[in-house]
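Structure record follows, encoded as structure tokens.
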Amino acid sequence: MCGIVGYIGSRPVLPVLLDGLARLEYRGYDSAGIAFILRGQIRICKKKGRLAQLEQALAAADLAGEPIRVGIGHTRWATHGAPSDENSHPHLSANGRIAVVHNGIIENYIDLKRYLCAQGCCFHSETDTEVVAHLVDLHYERDCPGDLMAAVCLTLAELEGSYALGVLCADQPDRFIAARKDSPLVIGLGEDGHFIASDIPALLGQTRRVLIMEDREVAVIERQRVQLFDALGRPVCREPLQVQWDSTAAEKGGYKHFMMKEIFEEPRAVRDTLTRHIRRGALDLPAIGWPRPVRQVCIVACGTAYHAGMVAKIVIEQLCRVPVVVDIASEFRYRDPILDDETMVIIISQSGETLDTLAAMREARSRGGHILAVVNVVGSSIAREAAAVLFTAAGPEIAVASTKAYSTQLAALYLLAFSLAQRLNRMTAAEVGEKIDALLAVPAMIDSVLASQAEIQRFAAAHFNAHSIFFMGRGLDYALAMEASLKLKEISYIHSEAYAGGELKHGTIALIEPGTLVICPLTQPALLDKMISNIREVKARGALILGILTPSCRKAADVCDAVFMLPDVPPLLAPLVAVTPTQLFAYYMSLNKGLDVDKPRNLAKSVTVE
Ligand code: M6R
């Protein structure tokens, strides 16, 4: 999704903005631009395509040595209007006095545009954002000459939808304005100036002292001070957050791609997530606020986080005997869900900023649900609004394809399931202790999978030209198959579907042809005979089978054409270990096809629009 940066200070502005934009690249974008003030005028440079195009255009403008002390920048992920130079941000008011960068969607922009056209404004882009530049300028000229902050606040009162905004005014080279509603924005406090950015990793090259803006807050950013105001214009005093991640955590560290680095971080990330919540062999979770009684659990998330929820459903139902519903956030929020104050709602999100998930959480809260969020990013919107939070310890995840975040979400969800089971007297403290011991053995098992990555690499080299790949499993293996299939699709662009073993023959088996690759996680001994039958069904139509097996499912090797052997992980915990070879497979498929592994087409890391 779009990314925003801004800086005012004594350092050369353009390199600071470009560094921030480069750190936002992972979010996904199709154009980039910056605006800055030079000798009392706003100058803009914006280009469709990668940041390199923008850098070339800036180099051609020969600005080195110019006294530029303030600027804002943007990476755009197109929503309103195709990727083009014109639609790129920043957008200017008609007289060139106001420049705006925006993340989010202005839902009433057509009405506002009609009004502004009637006032004589001409539009140069198809975007919703351009109305903001014209509106700020209109108010600045007509209602509050010389008061940029007031002009921005009058504008915000007219906007419907979501926004994170950076606003620059040619008359006011000593400040710029930042504002947010339902789109993330953070302020970085530096020694020699101050920054804004869409997320914390974008600031890590500059500072680790961060102020997280709350919804409807507005900030005036100056070289030597930052003033924060609430929706009513009252000053807000907030302690800055000292970010623990260091900048190297958001760098590739010798790996070719962030995705590979992040897969190799899984053992560390899972171990840290577990040890953060375990003391002397027992659970040590933050106050969860379980309802009494727990009538149902409702899990809400998107994408990979939703797939982690599918695993959690099976584990919680099995251990706790409480019904669990898993919902896609964008469906949940509009389907009139049934919940009450005996419902525990578990919200799962790596970024903590996914708009649908955030909105679903608010919906669940308004219906009386008890909210617990499993989140990776400290200070994110979901983390701040949830009644209780269980943090994962993945560290910054930069690759669009989520890997270590999924593993750590699972780790946290297992701990939650054990905690609920103990609370409901379904497990004794001793039984929970045994399960914890088993969980603590998992990071070493992931290490051993990583040590065998060459097997997966060879397998991907033989199959990267496939047109369509199926994943098939039962129970936890089906939940895992869903995630494996998503990973493959998003970075290799190969059509893929995940099916429950018993379901293929109800229609989809028609797609199996001689040579079609079907990948089967086989980690559930209780379901193995059924799976072997399902494998025989697709083999009879010519399918090639790769089995990802635990030793207790070894007998299925006879029906597989190729086998990847997992360590001896207990069936209940198997997704934590079995996911890694599927991620490696997706990675190598993408690499073999020469694709952009970390920044796949059409995708954004943090999906902050509906
Ligand atoms: O930040 P979130 O966990 O809320 O993100 C949810 C999905 O957008 C995310 O998992 C997405 O599906 C990933 N690209 C999958 O790899």
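Using only Cα atoms, find the angle between the long axis of helix 528-539 and the longest principal axis of the chain, and express it within 0 to 90 degrees, rounded to the nearest 10.
That helix lies at roughly 80 degrees to the long axis.
HN-Hα J couplings of the stretch 571-585 from phi, Karplus 6.51/-1.76/1.60, θ = phi - 60°, integer Hz, Gly and Pro as x?
Once θ is set to phi - 60°, the couplings for the stretch 571-585 become x, 4, 9, 4, x, 4, 9, 6, 5, 4, x, 6, 5, 4, 4 Hz.
What distance in nm separates the two pseudo spin-label positions at Ala388 and Arg423, each 7 Å out from Cα along the beta-carbon direction?
0.4
Under 5 Å between amide hydrogens, which residues at least 5 positions from Leu38 or on another chain qualify, with H placed 1.01 Å from N in the peptide plane?
The answer is Arg43.
Can you tell me, using C-alpha contacts under 8 Å and at least 6 residues apart, the relative contact order of the chain as a whole percent? If you can, show how the numbers build up before the last one.
Values: 1378 pairs, mean separation 72.9, N = 610.
Relative contact order for the chain comes out at 12 percent.
How far is the Cα center of the stretch 275-321 from the Cα center of the stretch 540-610, in Å?
So the two Cα centres are separated by 24 Å.
Please give the contour-minus-distance gain from Leu450 to Tyr493: 0.36 nm per residue of separation, less the Cα-Cα distance, rounded to one decimal in nm.
On the way: separation 43, 0.36 × 43 = 15.48 nm, distance 2.39 nm.
Stretched out fully, the Leu450 to Tyr493 stretch lengthens by 13.1 nm.
Explain nothing, just the number: relative contact order of the stretch 427-517, from Cα pairs under 8 Å at least 6 residues apart, as a whole percent. Show your work: numbers first, answer last.
On the way: 64 pairs, mean separation 23.6, N = 91.
This gives 26 percent for the stretch 427-517.
Mean residue ellipticity at 222 nm from the helices of the chain, using -39,500 (n - 2.57) per DSSP H segment of n ≥ 4 over the full residue count, to the nearest 500 deg cm²/dmol?
Numbers: 18 runs with 215 residues, N = 610.
Computed ellipticity for the chain at 222 nm equals -11000 deg cm²/dmol.
State, to one decimal in nm, how far the label point of Ala231 lies from the label point of Gln318, with both points 7 Å from Cα in the Cβ direction.
Label-label distance for Ala231 and Gln318, simple model: 4.5 nm.
Please list the non-local residues whose amide H lies under 5 Å from the amide H of Lys181, H modeled 1.01 Å from N, same-chain partners needing a gap of 5 or more.
When sequence neighbours closer than 5 places are left aside, the close amide H contacts are Tyr163, Ala164, Arg216.
Could the peptides 558-569, 584-595 be put in order, highest first, of the mean number of other beta-carbon atoms found within 10 Å of their residues? Intermediate results must be reported in sequence, preceding the final value.
Values: 558-569: 17.4, 584-595: 21.7.
Peptide ranking by packing, descending: 584-595, 558-569.
Could you derive backbone 3J(HN,Hα) for the stretch 30-47 from the dihedral phi with the Karplus parameters 6.51, -1.76 and 1.60 (θ = phi - 60°), listing whole Hz in sequence and x where the residue is Gly or Pro?
Using θ = phi - 60°, the values come out as 10, 7, 8, x, 9, 10, 8, 9, 9, 6, x, 10, 7, 10, 10, 9, 8, 9 Hz.
Short version: ³J(HN,Hα) in whole Hz for each residue of the stretch 327-339, in order, from phi by Karplus 6.51 cos²θ - 1.76 cosθ + 1.60 (θ = phi - 60°), x for Gly and Pro, what are they?
10, 6, 4, 5, 7, 3, 5, 10, 10, 6, x, 9, 8
Counting other C-beta atoms within 10 Å, and keeping those with at most 12, which DSSP coil trypsin sites (Lys or Arg not before Pro) do you find in the stretch 415-478?
Details: sites: Arg423, Arg426, Lys435, Arg458, Arg474; in loops: Arg426, Arg474.
For trypsin sites (Lys or Arg not before Pro) across the stretch 415-478 that sit outside H, G, I, E and B with at most 12 neighbouring Cβ atoms in 10 Å, the list is empty.
Amide H of Leu390: which non-local residues (sequence gap of 5 or more, or other chain) have their own amide H closer than 5 Å, using H built in the peptide plane?
Ala373, Val374, Val375
Of the listed pairs Lys256/Lys487; Lys47/Lys487; Lys404/Lys487; Lys252/Lys605; Lys505/Lys539; Lys489/Lys599, which have alpha-carbon separations greater than 21 Å here?
Numbers: Lys256/Lys487 18 Å; Lys47/Lys487 30 Å; Lys404/Lys487 12 Å; Lys252/Lys605 17 Å; Lys505/Lys539 12 Å; Lys489/Lys599 13 Å.
Pairs exceeding the cut-off: Lys47/Lys487.
Readers should treat all values here as calculations from the given coordinates under stated rules, not as data from a laboratory. Quick caveat: nothing in here was measured; it's all calculated off a predicted structure. Virtual Cβ from ideal backbone geometry, glycine too; neighbours counted across all protein chains shown.
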